[in-house]
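To start, the structure itself, in structure tokens.
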Amino acid sequence: MTLTSNSKNVAVIGLTALVLGLPTVTFVLQDPTPETHLLIVLRFLGRLSFLIYLLIVVIRPLQDLIGSPFTRSLIRNRRYVGITLASAMSVHLGFIVWRFAFVLEENIDLVAYLTGGIFYSVLLLMLITSFNRPAAALGARNWRRLHKTGFWAIAVFFAFTFRNDVFKVLDDPIYLLLALLTLVAVSIRALAFVKLGNAKAARPVL
């Protein structure tokens, strides 16, 4: 039986939600006062989502630089990598709501909530338009605009989210690793950009 692209989308969403949601919910419920466990889960899901995003960042540049069977496979399946990111971030949002319900005395950062609201709205639109009918209704040009805007909106959101963690890079190996992986991803995109620029410059003018 061959799955349609829409069926694959649903399968990826369901599998990601199950794999990430079931163990993390179980972990949180082990604590009678789940505040500490919720924070741990939120950090874990946030970092995992960032790593998935870094993979999305380098998929096309790696193909431009290397052009191997592996990178071509990534290109063919990058929609599902994006859907995995959206699903992981949706699980993350669920835990944010859960934590908010238990920590009513916490001061609300309106800027953070506004930024998060905009980000998750864009993410939801990108997820919806990964299905055939919404994508067709949107149109190819608008689809590209939405997903390109969303790609950079996610980058801004992660930068905003981790803005205070920059100072922890030298103290916490996790943040040092994330910083190094970010540097690698940016370097790969820069090298691919230079390579494509040189290739265009070398084309003969007819």
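The values are calculated or read from the model by the stated rules, or taken from the named source; none is laboratory data. Quick caveat: nothing in here was measured; it's all calculated off a predicted structure. Positions of Cβ are generated from backbone atoms using ideal geometry, with glycine treated the same way; all protein chains shown enter the neighbour counts.
Assorted remarks:
- Taking the criterion of being under 17 Å from Met89 (Cβ atoms) and either touching a residue at least 60 places away in the same chain (Cβ under 8 Å) or surrounded by 18 or more Cβ atoms within 10 Å (Cβ to Cβ) (or both), the residues of the stretch 16-38 that qualify are Thr16, Ala17, Leu20, Gly21, Thr24, Leu38.
- Boolean, Val41 is free of Cβ contacts under 8 Å to residues at least 60 places away in the same chain, in contact with a helix residue (DSSP H, G or I) (Cβ under 8 Å, 6 or more places away or on another chain) and part of a helix (DSSP H, G or I): yes
- Some residue of the stretch 35-52 being closer than 18 Å to Met126 by Cβ and charged (D, E, K, R): no
- The stretch 185-206 - residue that is in a helix (DSSP H, G or I) and exposed (fewer than 12 other Cβ atoms within 10 Å of the Cβ) and, of those, modelled with the highest pLDDT: Ala190
- Tally of residues being farther than 23 Å from Gly150 by Cα and either part of a helix (DSSP H, G or I) or in contact with a Phe, Trp or Tyr (Cβ under 8 Å, 6 or more places away or on another chain) (or both) across the stretch 51-71: 3
- Any hit, the stretch 92-113, residues being hydroxyl-bearing (Ser, Thr, Tyr) and either modelled with pLDDT under 90 or touching a Cys at 6+ places or on another chain (Cβ under 9 Å) (or both): yes
- The C-beta contact set for the stretch 1-15 (first residue free of Cβ contacts under 8 Å to residues at least 24 places away in the same chain, second residue in a helix (DSSP H, G or I) and hydrophobic (A, V, I, L, M, F, W, C), distance under 8 angstrom, 6+ apart or interchain) comprises Leu3/Ala11.
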